[in-house]
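This report concerns only the one structure given below.
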Amino acid sequence: MTDLSIRGISKSFDGVDALQDVSLDVADGEFFTLVGPSGCGKTTTLRAIAGFETPDSGSVRFGEREMSGVPPEDRDAGIVFQNYALFSHMTVGENVAYGLRFRETPGEQSKDERVADLLELVDLPGFEERSPDELSGGQRQRVALARALAPGPDVLLLDEPMSALDARLRQNLRTQVKRIQSELGITTVYVTHDQEEALAVSDRVAVMNDGRVEQVGRPEDVYRRPSSRFVAEFLGENNVFAGEVDGDAVRVGEATFRLAGLDAPDGGTVTFCVRPENLVRGPAENGFEATVETVEFLGESFRVHLDWQGRDVTLRVPERPDSERLRVGFSPEDAHVVADGVREREVVGER
Ligand code: ATP
């Protein structure tokens, strides 16, 4: 088992900066996820860890081993890609055994025993003789995972392994991947653009934006205390407001909201966010009245889109609203100030 250390890696392709000074530490046995929008540099980071991409600067270390100049096959990393990449002319068992081509089976096991164990681990016992063509997408990805794990790698690298699957299968598979990862205690770096998936399975996440790391932390910490507006809006839904500081309050349009622990100079501009689930109906300390635009039923709650003084505000409530105008509010503790360079008129959702 191994920790990973990535120090100041940068990479550009034809003058375009794909990664800018990315540093990350992944602890031994940790499930660590790189999450961010398309093109933010997740895959390039993973490929640099795997050795498929050589950074222009910076270093990658597996435990004490400095990896520059070490080819992918010598890095002891198991990799699963988005597209199954199984050989269809081989059986499932042969595909898994292919993962052992460069090395002996770990321990005293024969190859066949190792393959049987791995297929058991990924919940496909006795599938050795099947052809990959006879498997569902989720099953094929589990075979790909078994193949990646076959040589007993130090590190597991997963690049959007579920993105080709439908939503329900994805949920199933992510639960299995998480179970297998914690059973093996293998250091894992997972790439996804799906924020819900990232929050669900990870010990920690790194939110990436435009070739940089915006924030690293436990899912609940980055969700509850995003450091920047980008993170606030990327992870889950958020209501973002910007206004002028007045003592311990912020003036937004015609309203004045009090924020807990506000520490900003009078007259300055701050941006803060309030999660839809933290907006409550009825009189609250920071109350305002807004007009219902649309209501969506989500099963466990209703998502209500409100118009407040020309701003989009989203609310999550257990019951369908019974009137066109709603009084909503939030407690000062549920507002969270984020770093933001933009001014109020540019706030997303404003019309
Ligand atoms: P996605 O979720 O769409 O896969 P990503 O976050 O994984 O995106 P990367 O694939 O790492 O992003 O790409 C980061 C940036 O580098 C993008 O602008 C991409 O176009 C560029 N890029 C990546 N690989 C290459 C390459 N081989 N040649 C040129 N540009 C590249």
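Quick look at the numbers
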{"quantity": "Where GLU183 falls short, out of the listed (1) open to solvent by less than 40 Å² (accessible area, probe 1.4 Å); (2) of a type in the set (Asp, Glu); (3) away from the ligand (no atom under 16 Å from the Cβ)", "calculated": "(1)"}
{"quantity": "Tabulated pairs, segment 184-198, first in the same structural domain as PHE81 (by TED's automatic domain parsing) and over 21 Å from GLY211 (Cα atoms), second assigned to a strand (DSSP E or B) and among the β-branched types (Val, Ile, Thr), C-beta under 7 angstrom, 6+ apart or interchain", "calculated": "THR187/VAL26; THR187/VAL155"}
{"quantity": "Residue check, ARG204 of a type in the set (D, E, K, R) and modelled with pLDDT of 95 or more", "calculated": "yes"}
{"quantity": "Test for GLY243: is it touching a residue at least 24 places away in the same chain (Cβ under 8 Å) and on the phi > 0 side of the Ramachandran plot", "calculated": "no"}
{"quantity": "Single residue of ASP307, ASP263 found to be free of Cβ contacts under 8 Å to residues at least 12 places away in the same chain and either more than 22 Å from SER227 (Cα to Cα) or open to solvent by 70 Å² or more (accessible area, probe 1.4 Å) (or both)", "calculated": "ASP263"}
{"quantity": "Residue satisfying all of: in segment 5-24; of a type in the set (D, E, K, R) and within 14 Å of the ligand (Cβ to nearest atom); surrounded by the fewest Cβ atoms within 10 Å (Cβ to Cβ) among these", "calculated": "ASP14"}
{"quantity": "Checking GLU237 against (1) crowded, with 17+ Cβ neighbours inside 10 Å; (2) away from the ligand (no atom under 16 Å from the Cβ), the condition it does not meet", "calculated": "(1)"}
{"quantity": "Extreme residue, farthest from the chain's Cα centre (by Cα), among residues of segment 215-229 that are buried (at least 21 other Cβ atoms within 10 Å of the Cβ) and at pLDDT below 95", "calculated": "ARG229"}
{"quantity": "Sole residue being open to solvent by 30 Å² or more (accessible area, probe 1.4 Å) and either more than 27 Å from ASP28 (Cβ to Cβ) or under 30 Å from the mean Cα position of the chain (by Cα) (or both), chosen from ARG130, ARG75, ARG103", "calculated": "ARG130"}
{"quantity": "Helices (runs of 4 or more DSSP H) completely within segment 25-129 that count 1 or more residues being within 16 Å of the ligand (Cβ to nearest atom)", "calculated": "42-50"}
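The values are calculated or read from the model by the stated rules, or taken from the named source; none is laboratory data. Just so you know, these numbers come straight off a predicted model, no measurement behind them. For neighbour counting, all protein chains shown are included, and Cβ atoms are generated from backbone atoms with ideal geometry for every residue, glycine included. Note: areas computed on protein heavy atoms with side chains; ligands, DNA, RNA excluded. Shrake-Rupley method; radii C 1.70, N 1.55, O 1.52, S 1.80 Å.
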